[in-house]
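Below is one structure, written out as structure tokens, with a few remarks after it.
The values are calculated or read from the model by the stated rules, or taken from the named source; none is laboratory data. Just so you know, these numbers come straight off a predicted model, no measurement behind them. We place every Cβ from the backbone using ideal geometry, glycine too, and count neighbours over all the protein chains shown. The area values use the complete protein model at the heavy-atom level, side chains included, leaving out ligands, DNA and RNA. Shrake-Rupley method; radii C 1.70, N 1.55, O 1.52, S 1.80 Å.
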Amino acid sequence: MTWLETSTENCTVARTLDLVGEKWSLLVLRDAMNGVRRFDDFRRHVGLSESVLADRLRKLVAAGILDTVPYSEPGSRTRYEYRLTRKGWELWPAMIALKQWGDRYVADPEGPPLEVTHADCGEPVEAVVVCTAGHGALTPPKARTRPGPSAKPAGLTAR
């Protein structure tokens, strides 16, 4: 079965984009990965309306990407911080890859506004695709795709 003969009905890329593929969701995740935890801080820093932010946070919590943790300031009602779950942190390499591409192609002439470096040595980090057998970094011509265990034949579509 070739790619065009494979149904995209259960595509995991599409399912991932359903959860995090919207601009505001990715920007909320960017901020969460950089230590932002509170609603008002997200709203101020990302620059979106309360209703849109509440909707994105609700969806990310429902998907298990963010978790809520109660806190209260003295004299105030209990509120919630938003923290990345393990599932949420597993999106970090994808965020680094997006940042890496953006730094290369759309950054200001002076360079990127944020650098991510290795805590031990201070050198920049980068996202790479590697073979699980230890063959190092791969380029697209060195990778192959094939139907996976849940692949289904594509249905006939109207023309």
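Looking only at region 137-151, which residues are open to solvent by 100 Å² or more (accessible area, probe 1.4 Å) and either of a type in the set (K, R) or more than 24 Å from M1 (Cα to Cα) (or both)?
Applying the first criterion (open to solvent by 100 Å² or more (accessible area, probe 1.4 Å)) to region 137-151 yields 140, 142, 144-146, 149.
Within region 137-151, K142, R144, R146 meet the criteria.
I need the full set of residues from region 1-23 which are in contact with a helix residue (DSSP H, G or I) (Cβ under 7 Å, 6 or more places away or on another chain) and open to solvent by less than 70 Å² (accessible area, probe 1.4 Å), in order please.
V20
Out of all the residues in region 1-23, which are free of Cβ contacts under 8 Å to residues at least 60 places away in the same chain and among the small types (G, A, S)? Before you say what the answer is, go through the steps one by one.
Residues of region 1-23 that are free of Cβ contacts under 8 Å to residues at least 60 places away in the same chain, as a first pass: 2, 11-19, 21-23.
Listed by number, the residues that qualify are A14, G21.
Could you look through region 46-64, keep only residues that are in contact (Cβ under 8 Å) with a residue 24 or more places away in the chain and in contact with a Phe, Trp or Tyr (Cβ under 9 Å, 6 or more places away or on another chain), and pick out the one that is surrounded by the fewest Cβ atoms within 10 Å (Cβ to Cβ)?
So the residue we want is V52.
Determine whether V36 is exposed (fewer than 11 other Cβ atoms within 10 Å of the Cβ) and either modelled with pLDDT under 95 or touching a helix residue (DSSP H, G or I) at 6+ places or on another chain (Cβ under 6 Å) (or both). Spell out the reasoning first.
Details: exposed (fewer than 11 other Cβ atoms within 10 Å of the Cβ): no; either modelled with pLDDT under 95 or touching a helix residue (DSSP H, G or I) at 6+ places or on another chain (Cβ under 6 Å) (or both): yes.
So V36 fails the test.
Among what's in region 72-83 and is free of Cβ contacts under 8 Å to residues at least 24 places away in the same chain and among the hydroxyl-bearing types (S, T, Y), pick the residue that is surrounded by the most Cβ atoms within 10 Å (Cβ to Cβ).
Let us first name the residues in region 72-83 that are free of Cβ contacts under 8 Å to residues at least 24 places away in the same chain, namely 72-78.
Now restrict to residues that are among the hydroxyl-bearing types (S, T, Y): 72, 76, 78.
Values: S72: 10, S76: 8, T78: 8.
Taking the candidates together, the pick is S72.
With the checklist (1) surrounded by 10 or more Cβ atoms within 10 Å (Cβ to Cβ); (2) of a type in the set (K, R); (3) modelled with pLDDT of 95 or more in hand, flag the one item R86 doesn't pass.
(1)
Would you mention how many residues in region 106-136 are in contact with a strand residue (DSSP E or B) (Cβ under 9 Å, 6 or more places away or on another chain), farther than 28 Å from L4 by Cβ and surrounded by 11 or more Cβ atoms within 10 Å (Cβ to Cβ)?
5
Looking at region 1-108, what helices (runs of 4 or more DSSP H) fall wholly within it and have at least 3 residues that are charged (D, E, K, R)?
On the way: elements: 12-20, 23-33, 39-42, 50-62, 86-89, 92-105.
So the answer is 23-33, 50-62, 92-105.
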